[in-house]
Amino acid sequence: MAVAANVEFVTSLTKSDPQKHPVLIVGQTKHLAKLTFNDVRAKLEPRVTGDVLSAAIASLHPSPTDSCSLYLNLATVAALPVKCSRHNTPARVHSISKLVRSSSIGVDETVMVVCERSDVYASACAVARAYPLYSRKTSSNSTSSTPPTVSVYFLIVSEDSPVVEAPLLASEVECLQSAAFGVRLAAKIVDMPCNEMNVAHFVKEVADVGKLVGASLTVIEGEDLNKKGFGGIYGVGKAASVPPALAVLSHRPEGATVTVAWVGKGIVYDTGGLSIKGKTAMPGMKRDCGGAAAVLGAFYAAVRQGFSQNLHAVFCLAENAVGPTATRPDDVHTLYSGRTVEINNTDAEGRLVLSDGVTYAQKDLNASIIIDMATLTGAQGIATGKYHGAILTNNEEWEQIGVQAGKNCGDLLFPIPYCPELHFSEFASAIADMKNSVADRNNAQSSCAGLFIASNLGFDWPGTWVHIDMAYPVHSGERATGYGVALLNAMCGHFSKDPTLLALSPYNASSDDEANACKKQRRN
């Protein structure tokens, strides 16, 4: 089997010969121009001289990217795009991942990123994304069974200084290491096929992370879901050979005054159910657990770095399979909220499981901030594209937080309309509280799908609800991206004790506001 690389962030450079230990230097041209040979000498001598490095940097003309070999294909300097629009991330993370991936040789190597301090976190996640963990290839370029190690080193520059600043602190590197672990874990889960990542396997991954960070675990599965009223999760997953489950990881630190819940859609495979997908639409549906995978990776990173408030990760896990007990169109299910749903499309299953998840977060966990994340609609790609997830929320401030957090961490977001009084009527049913799929697929489909979830909390619920549809950013080509891990940590960075995550968060208000919202929620 091919062996996945270890990715390690380092605070200093050790001397090595690029002939035996390849090196990539990547950054914007204006930042690369501030490098001196002494900054990188340890990784380039004796094969590369200062004059060669200077000439290579001067020759770079990115359109949008460019690279120049310093020594064979073993030492390379690469330039990131010059242009960056207001809806992109200044870190240019998508280009970083592509350049690192194309330059990697599969042996011990070093990646040096030259950037401003504000772009370090996003750049670190971008590098991690370039080294996927999952592979079932039976051959490898390397004859060794020992995983290669990729050492990642940051050279920090600023607009105000002509020289490279001091390297990162050990505490900063620890935060990057946690983020990279989370990103690669989420991507691994999404990359794995259902025969290796079914509901039971996913629950084990959740339990393993819980043990790593000391969180408590609650699991409700199979017929117990039905008995307890989780009609959404049970109805979607009851036809599969492995029963559905609701799994919850809980972090409850002393002194917490706010309760946050992250709810992830974990459809480990989506055939569409009896409303079955076509032969070209079904391949890739192993990725339908991308929201839950992101929540798991983000929970690890957040708790590891000192999340100061109550944090619950809620995983809505099911396989939407075809079988004798599968939900039929025209069936009516009662969700955990008590609302009844007439099923008119069994392929609109994500909103059903998430409705149970957010209601559990509200009723059983008393969360005042609920963020759900899901590969919910194909329409998301049409609305916001391959790189930007869609954000829908009842709170305008959190909409702005999400968009800015996306730019800060590299997991981009763009708002879609929140207007239940105009859109929720798409779910009107003559016999139940609502149908599960819209009447008009040309009317803000991604917004409508999210509103279905929100309706189970109630549109007058005083808490904060944020929905993130990331059906397209969850993967790039045939590989998962780990999208969502960095985003959740950036959006909730103000609840962290870690200086890097605090700096990443766009949130400006005091935590007292959230505490008051939490009390108001409990009173209601």
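The values are calculated or read from the model by the stated rules, or taken from the named source; none is laboratory data. Because the structure is predicted, anything quoted here is derived from the model rather than measured. Note that each Cβ is placed from the backbone with ideal geometry, even for glycine, and that neighbours are counted across all protein chains shown. Protein only, heavy atoms only, side chains kept; ligands, DNA and RNA dropped before computing areas. Shrake-Rupley method; radii C 1.70, N 1.55, O 1.52, S 1.80 Å.
Between Glu196 and Ser69, with labels modelled 7 Å along Cα→Cβ, what's the label distance in nm to one decimal, could you check?
Here the modelled spin labels are 3.3 nm apart.
Among DSSP beta bridges whose residues both lie in the chain, state the antiparallel percentage, nearest 5. Intermediate results must be reported in sequence, preceding the final value.
Details: 29 of 78 bridges.
Counting DSSP beta bridges with both partners in the chain, the antiparallel share is about 35 percent.
Once Rh for the range 387-486 is found with the Kirkwood sum over Cα pairs, what is the Stokes-Einstein diffusion coefficient at 4 °C and 1.567 mPa s, in µm²/s?
89 µm²/s
Given the pairs Lys238/Lys265; Lys43/Lys83; Lys188/Lys497; Lys137/Lys211, which are separated by over 19 angstrom at their Cα positions? Can you show the working numbers first?
Working: Lys238/Lys265 16 Å; Lys43/Lys83 29 Å; Lys188/Lys497 28 Å; Lys137/Lys211 30 Å.
Checking Cα-Cα distances, Lys43/Lys83; Lys188/Lys497; Lys137/Lys211 exceed 19 Å.
What's the extension gain from Lys98 to Glu397 if we count 0.36 nm per residue and subtract their Cα-Cα distance? Walk me through the numbers before you get to the answer.
Details: separation 299, 0.36 × 299 = 107.64 nm, distance 3.31 nm.
Difference between extended and current length: 104.3 nm.
Output the DSSP H helices from the chain with an along-axis C-alpha extent of no less than 30 Å and a mean Kyte-Doolittle hydropathy no less than 0.5. Write out the running numbers ahead of the final one.
Details: long enough: 170-191 (31 Å, 0.66).
Within the chain the helices that satisfy the rule are 170-191.
Given the -39500 (n - 2.57) contribution per DSSP H run of 4+ residues, what per-residue ellipticity at 222 nm results for the chain, rounded to the nearest 500 deg cm²/dmol?
-10500 deg cm²/dmol
Could the peptides 171-182, 287-298 be put in order, highest first, of the mean number of other beta-carbon atoms found within 10 Å of their residues?
Details: 171-182: 22.2, 287-298: 31.4.
Averaged packing, sorted descending, gives the order 287-298, 171-182.
Considering the options Gly106, Val206, Val7, tell which one lies farthest towards the positive end of the dipole of the chain, charges being +1 on Lys and Arg and -1 on Asp and Glu at the Cβ, about the Cα centre.
Selected residue: Gly106.
Round to the nearest 0.05 the FRET efficiency obtained for Phe459 and Asn366 when R0 = 22 Å and r is the Cβ-Cβ distance. Can you show the working numbers first?
On the way: r = 19 Å, r/R0 = 0.88.
Plugging the Cβ-Cβ distance into 1/(1 + (r/R0)^6) gives 0.70.
Would you mind putting 474-483, 307-316, 432-441 in packing order, based on average other-beta-carbon counts within 10 Å, highest first? Present the calculation step by step, with values, prior to reporting the outcome.
Values: 474-483: 21.6, 307-316: 26.0, 432-441: 18.7.
Descending packing order for the listed peptides: 307-316, 474-483, 432-441.
Can you give the accessible area per residue of the range 1-154, in Å², using a 1.4 Å probe?
Details: 7130 Å² over 154 residues.
Using a 1.4 Å probe on heavy atoms only, each residue of the range 1-154 averages 46 Å².
What does the extension gain come out to for Lys137 and Glu174, with contour length at 0.36 nm per residue minus their alpha carbon separation? Show your work: numbers first, answer last.
Details: separation 37, 0.36 × 37 = 13.32 nm, distance 3.13 nm.
In short, 10.2 nm is gained.
Might you tell me the accessible area per residue for the range 166-259, computed with a 1.4 Å probe and given in Å²?
Working: 3800 Å² over 94 residues.
It amounts to 40 Å² per residue over the range 166-259.
Apply 1/(1 + (r/R0)^6) to the Cβ-Cβ distance of Glu421 and Ile382, taking R0 = 41 Å, and write down the FRET efficiency to the nearest 0.05.
So the FRET efficiency works out to roughly 0.95.
Given a Förster radius of 41 Å and the C-beta distance between Ile276 and Ser216 as r, what FRET efficiency does 1/(1 + (r/R0)^6) yield to the nearest 0.05? Don't skip to the answer; put the middle values down first.
On the way: r = 38 Å, r/R0 = 0.94.
So the FRET efficiency works out to roughly 0.60.
Relative to the Cα centre, what is the charge dipole magnitude of the chain, using +1 at the beta carbon of each Lys and Arg, -1 at the beta carbon of each Asp and Glu, and rounding to the nearest 20 debye?
Details: 44 positive and 49 negative charges, 169 e Å.
The calculation lands at about 820 debye.
Tell me, how many Å apart are the Cα centres for the range 202-263 and for the range 95-118?
Here the answer is 36 Å between Cα centres.
If you roll a 1.4 Å probe over the chain with all protein chains in place, what percent of the accessible area is carbon or sulfur?
Details: 10140 of 20560 Å².
Using a 1.4 Å probe with all protein chains present, the chain comes out at 49 percent carbon and sulfur.
Considering only Ser118, Ser16, Leu35, whose Cα is most displaced toward the positive end of the charge dipole of the chain, charges sitting on Cβ of Lys, Arg (+1) and Asp, Glu (-1)?
Checking the options against the dipole of the chain, the answer is Ser16.
Testing the spin-label approximation: label points 7 Å from Cα along Cα→Cβ at Lys15 and Lys227. State their distance in nm.
Label-label distance for Lys15 and Lys227, simple model: 6.9 nm.
By how many nm would the segment from Arg47 to Lys204 lengthen if fully extended, with 0.36 nm per residue of separation less the alpha-carbon distance?
Taking 0.36 nm per residue and subtracting the Cα distance, the gain is 51.8 nm.
Treating the range 214-273 as a set of equal point scatterers at the Cα positions, no solvent, please give the Debye-formula log₁₀ I(q)/I(0) at q = 0.21, 0.24, 0.29 Å⁻¹.
-0.89, -1.04, -1.28
In Å², what does the accessible area per residue of the range 363-441 work out to with a 1.4 Å probe? Walk me through the numbers before you get to the answer.
Values: 3160 Å² over 79 residues.
Averaged over the residues of the range 363-441, the accessible area is 40 Å².
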